[in-house]
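The values are calculated or read from the model by the stated rules, or taken from the named source; none is laboratory data. Given the structure is predicted, the values throughout are model-derived calculations rather than measurements. With ideal geometry, Cβ positions are generated from the backbone for all residues, glycine too; neighbour counts draw on all protein chains shown. For the accessible areas, the whole protein counts, side chains as well, though only heavy atoms, and no ligand, DNA or RNA atoms are used. Shrake-Rupley method; radii C 1.70, N 1.55, O 1.52, S 1.80 Å.
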Amino acid sequence: MIDQLLQTHIIIGVLATGVRLSTPFLLAALGEMFTQRSGVFNLGVEGIMLMGAFSGFWVTLVTGTPMLGILAAIIVGALMGLLMAFVSVTMQAKQGISGIGLYMLGWGLAGFLFRITVGYVTSVEGFRPIAIPILSDIPILGTVLFNHNWMVYFSLLLVPISWVVLFKTTWGLKVRAVGVTPEAADTLGVSVRGIRYACVVIGSIMAGLAGAFLTLGHTNMYGDNLTAGRGFIAVALVYFGRWNPWGILAGSLFFSIVDALQLWVQVLGLDIPYEFAVMAPYVLTVVALAAVSGRIWEPAALGKPFDREA
Amino acid sequence: MQIIFEKRESVSRQAVILVPIVSFLVSLLFGAILLALSGANPFITYGAMFSGAFGTWNRFTETLVKAIPLMLTGLGVSIAFRMRFWNIGAEGQLTLGGVAAAGVALYLSQGLPGWLVLLLCILAGCIAGAIWAGVPAILKAYLKVDETLTTLMLNYVAILFSEQLYYVSWRAPGYNSGTAPFPETAWLPRIAGRAHIGLFFAIILAGILWFVFNRTRWGFELKIIGENQTAARYLGIDIERNIVLAILLSGAISGLAGASEVLGIARRLQQGLSVGYGYTAIIVAWMAQLNPIVILFVGILMAALLVGGDQIQMKMRLPAAVGLVLQGMILIPMLAGSIFTEYHIRIIRPQKTGVEAEA
């Protein structure tokens, strides 16, 4: 059984699938990293992903243009982000539970809208892989890294970009300040609410894109709960990526390779019960959260609403 | 001029009652807009949902069928929420409760007296639910691991595990999925229609929990832990031990919900056990402001949305997900509105009031 998995073409297959499947994790987790760096805990990522997945799918089905689907996912993500920001920043509601509210709303709404607008199983023409000239001809590495659709490259590029934005720009400094000592940031004239609104909306747009990737860059279909907890795992990835883009990249790749392995175990018909293979990422999330506990730094104001009068 | 929120000296009783009601109305309004946009008449649809849930005695008993697991899981999560432990794992705890009850009913019931079988099934369900909640509780109490994520992840694990059992390991010969029917000794008695005595479990538990929360020392300790951990430590309350105990109880009640669901309704383990009761439970508990008696009534209301949704799907060809949308839409205005229970809104900058000692 093990030697079946160790054949070269299978290893390449697992790694290539792993890189592709890292995209939704990366997009959602990098977005959530900004949200949490600013001090807001948005657990609604899963619900936003579901709405992003549906709206991307539906608009593509109607217009035949996947880029318009992406645009729809961005708009829907931004709107849900505004809702989350209003509830958690302006109204200072409990953030974990607000996120669950957003999840349930996205879950119900996406299911309702899908049945009203489409209602049957169908597929769309999603994004095709773009082989990068020369690089994709490199043996092994070419297949693993350089033969994917544009969203995969885009999400990988976002890793260094987020790092630069967060650590090398004034805006990034403000985000980090607001997440650690909002009182001090406020005294220095930084708009705590403004930064938090921006970060929640940015994170939500990226969650919407992560959802759209699933329907336009992965399955090309929509189904109930097709995100399968990936949004929640993305939130966990921010923890063990230690609020750092590179850590999040490592975590995303690790999880997506486990995910890919699980898919290949099914494809190869190995003698492991399907359900146990699918369980792996969830069990791993719990284990990983326990393993990094106590040793992690976190934004000091994470989850705490800011009230100037308090 | 500035709009500011000023902390109230005590929780506003008016807001406590008004916020859930207004939130429900907001959700109905939002749902009405959605229905109108999708070409359905909101009034007729809501009317059909209402009569679908309460119109005849039979339909009312079906509403009770769905209300029982919502009441039980709602009570379960309310214990956790009192201590600000965000147990989002009722779904998984319910699922494993059902699995454990099924396991006992199918494989351990031979040769035991009838009354003992049912008791053991229920007990197994409670224990399984408690264990499943206990893992995140211990991780939280002793390792400070965020419980929202761990309880959520364990839902997926529990559901996949139950699927493995009813699709593969425990599947009865001749069925595509699902176990063999349970022996009659493991059937939970029914009261009316398919509504079973799980309803009495919920009512009795609500009474007990009301008493524990309001009239016992332990209930008071939980309240202090939830409101002020520093104060709890000064008072010598063992926070870790109390968190674990309360969450074990929380999980056990959700496990009971799962056990009574499989023993009372399908009477075999099959698909349809994990349909989101554990998530709706969060809304039930929150809308009832964690009051165990109110949870019973909110449970019926939320069940009516689900049954009403099913009915309009059959009769009006509208998606049953309408019920789910309405539920999802309640929580958000309710959370946003909770600021009104603890704060006044002032338009002008007020004098700061002295800090009141709150017990």
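A few notes on this one:
- Just the protein heavy atoms count here, and of the accessible area of chain B at 1.4 Å, carbon and sulfur take up 65 percent.
- Distance violations [Cα-Cα > 27 Å] among B:LYS144/B:LYS223; A:LYS94/B:LYS223; A:LYS174/B:LYS223: A:LYS174/B:LYS223
- Surface accessible to a 1.4 Å probe, B:GLU62 within the full protein complex, Å²: 60
- A simple spin-label model places pseudo-atoms 7 Å from Cα toward Cβ; at B:MET314 and A:ASP307 they are separated by 4.9 nm.
- Note on A:THR8 and B:PHE50: their simple-model spin labels are 7.2 nm apart, each label 7 Å out from Cα toward Cβ.
- For the stretch B:81-203, the extents of the C-alpha atoms along the principal axes are 45, 35, 28 Å, listed from largest to smallest.
- Inter-centroid distance (Cα atoms) of the stretch A:153-169 relative to the stretch A:9-55, Å: 15
- B:ARG267, B:ARG241, B:ARG82, ranked by accessible area, largest first (probe 1.4 Å): B:ARG241, B:ARG82, B:ARG267
- Proximity of backbone amide H atoms, modeled 1.01 Å from N, is registered between B:ILE191 and B:HIS196, B:ILE197 at under 5 Å, excluding neighbours fewer than 5 places apart on the same chain.
- The coefficient of translational diffusion for chain A, derived via Stokes-Einstein from the alpha carbon Kirkwood radius under 25 °C and 0.890 mPa s, stands at 123 µm²/s.
- Principal semi-axes in Å for the stretch B:65-275 [√(5λ), Cα gyration tensor, largest first]: 32, 19, 13
- Peptide A:226-233 has a mean shielding of 2, counted as Cβ atoms of other protein chains within 10 Å of each residue's Cβ.
- Where B:SER274, B:SER27 fall by accessible area, highest first, once all protein chains stay in place (1.4 Å): B:SER274, B:SER27
- Nearest-0.05 FRET efficiency for B:ASN41 and A:GLU125, computed from C-beta distance (R0 35 Å): 0.45
- Under 5 Å between amide hydrogens, built in the peptide plane, is the criterion, and for A:ILE130 it picks out A:HIS148, A:ASN149, A:TRP150 among residues at least 5 positions away or on other chains.
- Look at the alpha carbon pairs under 8 Å that are at least 6 residues apart: their mean separation over the length of the stretch A:84-198 gives a relative contact order of 20 percent.
- Whole-Hz couplings from phi, Karplus 6.51/-1.76/1.60, listed for the stretch A:23-33; x for Gly and Pro: 4, x, 4, 4, 4, 5, 6, 5, x, 5, 4
- Dividing the summed -39500 (n - 2.57) terms of all DSSP H runs of n ≥ 4 by the residue count of the protein assembly as shown sets its mean residue ellipticity at 222 nm at -23000 deg cm²/dmol.
- A:TYR153 versus A:LEU71: modelled label distance in nm, points set 7 Å from Cα along the beta carbon direction: 2.2
- Normalised contact order of chain A, rounded percent, pairs of Cα under 8 Å and 6 or more residues apart: 37
- The accessible area of B:ILE79, taken with all protein chains in place and a 1.4 Å probe, comes to roughly 0 Å².
- Peptide A:87-93 shows a mean partner chain C-beta count of 6 within 10 Å per residue C-beta.
- Take the Cβ atoms of A:THR90 and B:LEU143, set R0 to 25 Å, and the FRET efficiency comes out at 0.15.
- For A:PHE86, neighbours were defined as the other residues whose beta-carbon sits under 13 Å from its Cβ, and their charges (Lys and Arg +1, Asp and Glu -1) total +2.
- Computed over the stretch B:255-326, the ratio Rg/Rh where both radii use C-alpha atoms and Rh is Kirkwood: 1.01
- Modelled FRET efficiency - R0 41 Å, B:GLU342 with B:TRP57, Cβ distances, 0.05 increments: 0.45
- In this structure A:HIS218 has an accessible area near 50 Å², from a 1.4 Å probe over the protein heavy atoms.
- Total accessible area lost when A and B pair, probe 1.4 Å, Å² to nearest 100: 4300
- Reachable aspartates and glutamates, given that their alpha-carbon falls under 20 Å from the alpha-carbon of A:LYS304 and they are not under 8 places away in the same chain: A:GLU32, A:GLU183, A:ASP186, B:GLU6, B:ASP146, B:GLU147, B:GLU227, B:GLU342
- Cα-based shape type of chain B, given that a ≥ b ≥ c are square roots of the gyration tensor eigenvalues and the cut on a/c is 1.5: oblate
- Computed over the stretch B:65-275: relative contact order in percent, which uses C-alpha pairs under 8 Å that are six or more apart: 42
- The listed residues B:LEU154, B:LEU25, once ranked by accessible area (1.4 Å probe) with the largest placed first, stand as B:LEU25, B:LEU154.
- Between 0 and 90 degrees, the angle of helix A:150-168 with respect to the longest Cα principal axis of chain A falls at about 30 degrees.
- Tensor-based shape of the protein assembly as shown (alpha-carbon gyration tensor, a/c under 1.5 rounded, otherwise prolate or oblate): rounded
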